[in-house]
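Report on one structure; see the data block that follows.
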Amino acid sequence: MTYAQVLAFGVVVPVIGLALLVARDRRRPDRGRPGREWTWAWRGQSRGWSVGVVIVALIVVAMVYTAPWDNHLIATHVWRYRRALISGIVVGEMPLEEVLFFPAQTLLVCLWLLWLAAREPPARDVSGRALGRDVASDGKRAIGHWVWPPMALALLLSASGCLWLIGLIALRAPWRSVTYLGWELVWVVPPLALQVVVGGDIIWRYRRLLCVTVLPVALYLCVIDALAIGEGIWTIDPAQTLGIRIAGVLPIEELIFFAATSTLVAFGLLLGVAGQARLMPFPRRPRGWPTKPSATKAS
């Protein structure tokens, strides 16, 4: 089995299947399913960005942000590929298949989230009201009042800073076994913390949807990863990992990687589509914030 085959059958085929299911849902947005609150996003009526725009933006960000990190880890032999099992086309240090994996994983997470969202019970705002288009009958925001308490925000930023520093220290430490984990922390903590600070209330409101999105995808990709490692398509340097292997095959760092990247994509799609995040892109979103500067009460 080659890397191209793993990518095609393990990721691309599920992406195509999910795309067909999501397209079917889009053609039938008002069947009365619990998740019909998401149909306004399909039809361009969101106060956030459209689903397509957000997905394209996530793919671009994933490739731009991940490529230098990935290149460095390959160059320092944290992982390496068997030449006979890759295409031979490389971008920097990355095989072409690795480059294509970024958009493939992003699409997999996004489409899975959208398919689940069409079946998710309506979320509720802090006042207990079901959310639809994020606009109340009086033409104003109906999401209630939510703001990070100063102490909670300080604790969140402090914890994020500590994790980032731990990763940085791990990279400067003499123990090579923490190299992969150190690079993961340095790379993933800043954007993840930014997403939570900007949209913590939205993330919390849809916590169930996010959990059932991220966990299955991360576990599925771990299975694909373990199969590829078993086939010898790529290997992870044991000297640069903690030595903790799931089922004796998969380094724990790989589980962390897939969980973190899937979380970043899921958070990004949710915050990009949600009208609340665009209207006021910071933790304070007071009740009654108008949908437009000239918004007036509906008659």
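Looking at the range 145-205, which chymotrypsin sites (Phe, Trp or Tyr not before Pro) are DSSP coil and have at most 12 other C-beta atoms within 10 Å of their C-beta? Present the calculation step by step, with values, prior to reporting the outcome.
Working: sites: 146, 164, 175, 180, 183, 187, 204; in loops: 175.
In loop regions of the range 145-205 (DSSP not H, G, I, E or B), the sparsely surrounded chymotrypsin sites (Phe, Trp or Tyr not before Pro) are 175.
Given H placed on each backbone N at 1.01 Å, which residues far from residue 246 in sequence or on other chains put an amide H within less than 5 Å of it?
Amide H to amide H, under 5 Å and 5 or more residues apart or across chains, residue 246 pairs with 252.
Would you calculate the separation in nanometres between label points at residue 83 and residue 64, each defined as 7 Å from the Cα along the Cα-to-beta-carbon direction?
Label-label distance for residue 83 and residue 64, simple model: 3.4 nm.
Could you give me the ³J(HN,Hα) list for the range 197-203, computed from phi with Karplus coefficients 6.51, -1.76, 1.60 and θ = phi - 60°, whole Hz, x at Gly and Pro?
5, 6, x, x, 5, 5, 4
Determine the shape class of the range 175-214: with a ≥ b ≥ c the square roots of the Cα gyration tensor eigenvalues, call it rounded for a/c under 1.5, and otherwise prolate if a/b is greater than b/c, oblate otherwise. It would help to have the intermediate numbers written out before the result.
Details: a/c = 5.23, a/b = 2.12, b/c = 2.47.
In terms of gyration-tensor shape, oblate.
Between residue 162 and residue 177, what is the label-to-label distance in nm when each label sits 7 Å out along the Cα-to-Cβ direction?
Label-label distance for residue 162 and residue 177, simple model: 2.3 nm.
I'd like the Karplus ³J(HN,Hα) series for the range 232-239: coefficients 6.51, -1.76, 1.60, θ = phi - 60°, whole numbers in Hz, and an x wherever there's a Gly or Pro.
Values, residue by residue: x, 5, 9, 10, 9, 5, x, 6 Hz.
In Å², and per residue, what accessible area does the range 223-265 have when probed at 1.4 Å with the other protein chains present?
On the way: 1690 Å² over 43 residues.
Counting only protein heavy atoms, the per-residue value for the range 223-265 is 39 Å².
Please report, as a whole percent, how much of the solvent-accessible surface of the range 192-281 comes from carbon and sulfur atoms (probe radius 1.4 Å).
Working: 2520 of 3390 Å².
Reported share for carbon and sulfur atoms: 74 percent.
Could you order 110, 211 so the one with the most accessible surface comes first? Probe is 1.4 Å. Show your work: numbers first, answer last.
On the way: 110 0, 211 75 Å².
Ranked from most to least accessible, the order is 211, 110.
Let me check I've understood the local charge: for residue 236, count other residues with C-beta under 12 angstrom from its C-beta, Lys and Arg +1, Asp and Glu -1. What total comes out?
Values: positive: 80, 245; negative: 225, 237, 253, 254.
Computed value for this residue: -2.
When the chain is fully extended, how far beyond the present Cα-Cα distance does residue 242 get from residue 93, taking 0.36 nm per residue of separation?
Details: separation 149, 0.36 × 149 = 53.64 nm, distance 2.39 nm.
Here the answer is 51.2 nm.
Could you give the nm distance between label points at residue 1 and residue 197, where each point is 7 Å from its Cα heading toward the beta carbon?
If labels sit at residue 1 and residue 197, their model points lie 4.1 nm apart.
The values are calculated or read from the model by the stated rules, or taken from the named source; none is laboratory data. Computed from a prediction, not measured in an experiment: that's the story for all the values here. In this analysis, Cβ positions are derived from the backbone assuming ideal geometry, glycine residues included, and neighbour counts consider all displayed protein chains. Note: areas computed on protein heavy atoms with side chains; ligands, DNA, RNA excluded. Shrake-Rupley method; radii C 1.70, N 1.55, O 1.52, S 1.80 Å.
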